[in-house]
Each structure stands twice: as C-alpha cells, then as structure tokens.
Amino acid sequence: MAGLLAARVLSDAYDEVVVVERDTLPSAPTPRRGVPQGHHVHVLLEAGRATLCDLFPGYGEALIDAGGLIINVGEDLEQYEAGGFLASPATRMEMYCASRPLLEGVARERLAARDPVELRGGCQFTEYVVDDGRVEGVRVRGDDATETIPADLVVDATGRTSRTPQWLSEHGYDTPPTVEVEIDFTYSTIRIDRPAGNRRMLFVPQSAPRTSGGAAFPIEDGEWIVTLGGMHDADPPSTVAGFETYADRLPADGIRELVAERRVVSDGVDRYPFPSNRRRRYEALDDFPAGLVVIGDAIASFNPIYGQGMSVAALEAVQLHHLLASGDTDAIGPRFFAAASNVVDIAWSMAVGADSEFDATSGPTPTGAGLFNRYLNRLVRRAHTDEQLAEAYYRVVGMEEPPTALLRPSTVWRALRPAPGVGGFSAGRSALPNDRA
C-alpha cells in the first residue's frame, strides 16, 4: 500500500512512474506471498480512508461495488476496552470494512488507470544504480532477464525487509539508528460465514495485564474475518478447534459466540508473527544519497493490533506530495524523512506507549507514557458511558486528531470530574471482575 500511494503522488510530478512488484499481480483480490499479513484483519483508520479517497477519487464507491462494506461505528462496532464497551460516539462515524487484498486491489486498479503509471508484476528489484553518489535507477530481474530502469527518483517501499540500510553500509554511508520494542506478538485468523445484512464488528484489543485479544470484522462475500492475537506468553491457536477455547479467554463473549455458531469457510488457520515495533530513524542521518526515498514500513512498523500501517503510509505519501509540489527535489530524501518523522512520531507514541504497559515488553518507552496511559485509562473508562469522550477517543485512535487533542480542557474535565455521588477518583488502573487476565 505504501508503494501504491507513493506511486500515486509521483504520477502528479513525473511523466513516467514504474511500480516494480516481486509478486505476480493478481487479477482478483487474493492474498499475495509478499504480504503474509494479508490473510488477517485489517482496518483502514479514518486518516487513511480520507487520504485514499482524496488521492483516488471514487475509491470508496469502487470498494463498495466490489463487495466492501460501510459500517456505522455507533451502531455496528462493539469495542471492549478497560473493562467495558465504549459508548456510541456523539456523531455518526463511518468506516470501510474489507479484506486487505480488496483494499489493496481497488487502490491498484485506480492507480493503473493513471496514464503515467506502469505496473510491473513478477519483477524483482536487485540493486540500486548509482553514479557519483546519486541513485539514478534500479536493476530488476524478471523472466530470467535483468534490466536497468533509469529514474530521477527511486522510492523504497519494500517494508520491514528493506535492504536499504545494508546497502548504505556497503557504500560508505551511516545506517539509520534503529529502535526496536519487543512485543512477541502472533496472530491467527479464520474466516466464517456472515448472514446477509449483519454488519456487526467486534474488537477486544489486548489490555495490560491481559495479553490476549481478538477481532471479528465483516468483509466482502458474506464473511467475517476473525483474528485472535497474543503478546508475549499468549500464543493464539494454530487449529480451528482451538479458536473457541482461546476466544473464551477474552473478557467479552461475542467473538467466542460467533466462532461457535458460524461455519468456518477458510482452509485452516493462517498465522503471522510480529516480533517487535521497529523504527529506522532516517531523519537522523547527516548524509544520504540523492535520488532516493524510503517510505512506509521500511521506515517504521507498528504492532498491527492498532491498525496504523496503511494510514501512516497514506499520510507519509501526502508529505511526499507536498515536497514534490514545491518543485525542489534536491536532497528530497532528508527533507522527506524530517516531514515523515512527524507522522511516525504520533503513531509510534500511541503504539509503543500502549505496548509499554505490559511488563514483558522490552525497549525504549516514549517520554511521559506512564502518566499519559493512566490518564487515558481513566478517559476510556469514562467513555463507556460518555458519548463525547468516546468520539474524542475514536478520532485520536483513527489518527484524525493527535493524542494531544485528548488534553483539551473540556475533554480533561469530562474524563477527570468525579462521578455523580463520588467525592474523588483514582487515576490508576483497577481490575474489574469481567476483565479476565
């Protein structure tokens, strides 16, 4: 998705854009080998949804025509956090629901329709072409033949496995400082049948000290995609038979009931390990080759339970668009990394701040995470019955608003004021009987 979004903004600035993809591009929405997480639950946060619709006019309509759904968060989403379900937000909030292959496939179709763009599937990037310290193209391999593609600008959107840091080291550059926060997260997924018209969406994220979580999202073809995840010591099931037992560990019964009542339509269980949040701080480099940019998960990747990846990639693409629109592409890499770091900072502080609440998590913790987490826990508990706090929380989680929006005086007052009939409050975490570990 980062590559598709980058190609979209490049198509406004260049006469020709070539997208090199190792996988053979599917004619229908099916998971690709190069996206092993594609079998699992994906969420398009509001920031990502709005950006995709801006960059690809008609994206939402095309997604619905292809079988995707629009849900009303207030009516269809049941989100359990901090011992209870969040209230319906004060205003209507919509969300697209579809499988990752469909979300990606619709974007690819709309990108391919743009005149400057050429999509090359089954084409493997092998190395950068460099002249006098500038990246001037790439070499690729496809159908047993090697080819050089010249370029004024090369964008690395190859994800966590990006080889750019190694290439920098081999060519005399410093490698970007890398920060890792170990979470030992694994998730398992099945698909079950969904009755026509039922748009129910269930989300029970991990919440310290409970390391297990789950989600059931409605997707195309009359199905729910059900993902159970576990951090640290909580290993999700590897068999269909184990899904109901594992789901019974969750503090809300909805996911277990769906798994027990509905027919499994997938072939077995898909599993995916995610060992750590990882951030490569390219913005810290003093020297970086001209003609090259790195984007998306190749910069930073986050615990997938928070659903930030596609939206962060979309917001980074917008930053790239602004730099290209200025007409000054000299040293665009460092300037892009500086701009992208502002996007990554927000997602990183939210994901790593939440993950830091688990004792087994190892790695640097964002400054002030402990205090903010205590306040956020209080706010979320109040959001069980306060629709305005629920909306404020959803807008921050959806990356429409920065976390600092939750510190506006009116929001702080609603979160911290004593409950009716109560003389005071404690901002610390308390264990409720129905929040089983």
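The values are calculated or read from the model by the stated rules, or taken from the named source; none is laboratory data. Since we're looking at a predicted model, the values are computed, not measured. FYI the Cβ positions are ideal-geometry reconstructions off the backbone, even for glycines, and counts take in every protein chain you see. Quick note on the areas: whole protein, heavy atoms, side chains included, nothing else; ligands and nucleic acids left out. Shrake-Rupley method; radii C 1.70, N 1.55, O 1.52, S 1.80 Å.
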Inset, instruction - Could you state the angle between the C-alpha long axis of helix 100-112 and the longest principal axis of the C-alpha atoms of the chain, as a value from 0 to 90 degrees rounded to the nearest 10? - result: 40 degrees
Legend entry - Against the rule of thumb 2.2 N^0.38 Å, how large the Cα Rg of the chain comes out: 1.00
Inset, instruction - Would you grab the residues whose amide H sits under 5 Å from the one on Ile183? Only those 5+ places off in sequence or on another chain, please, with H modelled 1.01 Å from N. - result: Ser276, Asn277
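Leaving out ligands, DNA and RNA, what percent of the accessible area of the stretch 287-328 is carbon and sulfur, probe 1.4 Å? All intermediate terms of the calculation are to be shown ahead of the outcome.
Numbers: 590 of 1120 Å².
Solvent-exposed carbon and sulfur of the stretch 287-328 make up 53 percent of the total.
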Inset, instruction - For the stretch 1-153, give the percent of accessible area contributed by carbon and sulfur heavy atoms, probe 1.4 Å, rounded to a whole number. - result: 43 percent
Inset, instruction - Could I have the simple spin-label model distance between Asp131 and Tyr375, label points 7 Å from Cα toward Cβ, reported in nm to one decimal? - result: 5.4 nm
Inset, instruction - Mind checking which of Ala354, Thr365, Asn377 is farthest towards the positive end of the stretch 324-425's charge dipole, using Cβ charges of +1 (Lys, Arg) and -1 (Asp, Glu) about the Cα centre? - result: Asn377
Legend entry - Potential extension, Thr385-Val35 segment - 0.36 nm per residue separation minus Cα distance: 122.1 nm
Legend entry - Phi-based couplings in Hz for the stretch 248-257 (Karplus 6.51, -1.76, 1.60; Gly and Pro marked x): 5, 6, 6, x, 10, 8, x, 5, 4, 5
Legend entry - Most mobile of Asn342, Asn377, Asn277 in a GNM of the chain (Cα contacts under 10 Å): Asn342
Legend entry - Per-residue HN-Hα couplings for the stretch 323-337 [Karplus 6.51, -1.76, 1.60; θ = phi - 60°; Hz; x = Gly/Pro]: 5, 5, 5, 6, x, 9, 9, 5, 6, 5, x, x, 5, 5, 4
Legend entry - Chain lengthening between Ala112 and Thr239 when straightened (0.36 nm per residue, less Cα-Cα): 41.9 nm
Legend entry - Two-decimal log10 I(q)/I(0) for the stretch 163-314, as the Debye equation yields it once each C-alpha is a single scatterer, q = 0.10, 0.16, 0.17 Å⁻¹: -0.47, -0.88, -0.95
Legend entry - Relative contact order, percent, the stretch 39-171 [alpha-carbon distance under 8 Å, six or more residues apart]: 17 percent
Legend entry - Inter-site label distance for Glu78 and Ser410 at 7 Å from Cα along Cβ, in nm: 3.2 nm
Legend entry - Given charges at beta-carbon only (K, R positive; D, E negative), |dipole| of the stretch 239-368 in Debye: 120 debye
Legend entry - Radius, Kirkwood style, for the stretch 186-232 when every pair of distinct Cα atoms is counted (Å): 11.3 Å
Inset, instruction - Could you tell me the accessible area of Thr146 in Å² (1.4 Å probe, neighbours in place), rounded to the nearest ten? - result: 100 Å²
Inset, instruction - Taking amide H positions as placed in the peptide plane 1.01 Å from N, state which residues far from Val129 in sequence (5 or more) or on other chains have amide H under 5 Å from it. - result: Glu136, Gly137, Val138, Arg139
Inset, instruction - For the stretch 143-184, list log₁₀ I(q)/I(0) at each q in 0.22 Å⁻¹, using the Debye formula over Cα point scatterers of equal strength and ignoring solvent, two decimals each. - result: -1.01
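Please work out how much length the chain gains when fully extended from Arg271 to Asp143, using 0.36 nm per residue of separation minus the C-alpha to C-alpha distance, in nm with one decimal.
Contour length minus the Cα-Cα distance gives 43.0 nm.
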Inset, instruction - Please name whichever of Leu102, Val135, Phe125 sits farthest to the positive end of the charge dipole of the stretch 94-185, dipole taken about the Cα centre and charges placed at Cβ: Lys and Arg +1, Asp and Glu -1. - result: Leu102
Inset, instruction - Could you provide, to the nearest whole Å², the per residue accessible area of the stretch 29-89 with probe 1.4 Å? - result: 39 Å²
Inset, instruction - First obtain the Kirkwood hydrodynamic radius of the stretch 213-301 from its Cα pairs, then insert it into the Stokes-Einstein equation at 20 °C and 1.002 mPa s, and state the resulting D in µm² per second as a whole number. - result: 133 µm²/s
Inset, instruction - Quick one: work out the % antiparallel among DSSP beta bridges in the stretch 57-204, nearest 5. - result: 85 percent
Inset, instruction - Could you run the Karplus curve 6.51 cos²θ - 1.76 cosθ + 1.60 with θ = phi - 60° over the stretch 187-201 and give me ³J(HN,Hα) per residue in whole Hz, x for Gly and Pro? - result: 10, 10, 9, 10, 10, 10, 6, 10, x, 4, x, 8, 10, 4, 10
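Quote the relative contact order of the chain in percent (integer), defining contacts as alpha-carbon pairs under 8 Å separated by 6+ residues.
Contact order relative to length: 21 percent.
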Inset, instruction - Name all residues of the stretch 5-30 having a backbone nitrogen under 16 Å from the label point set 7 Å from the Cα of Asp65 along its Cα→Cβ direction, giving them as ranges. - result: 29
Inset, instruction - Please give the per residue accessible area of the stretch 199-324, computed with a probe of 1.4 Å over protein heavy atoms only, in Å². - result: 34 Å²
Legend entry - Peptides 102-115, 222-235, 402-415 ordered by average Cβ neighbours within 10 Å, highest first: 222-235, 102-115, 402-415
Inset, instruction - Return an integer: the convex hull volume of the alpha-carbon atoms of the stretch 57-187, in Å³ per residue. - result: 231 Å³
Inset, instruction - Show the residues, 5+ positions off or on another chain, whose built amide H is closer than 5 Å to the amide H of His384. - result: Ala87
Inset, instruction - Roll a 1.4 Å probe over the protein heavy atoms and report the accessible area of Asp267 in Å², nearest 10. - result: 150 Å²
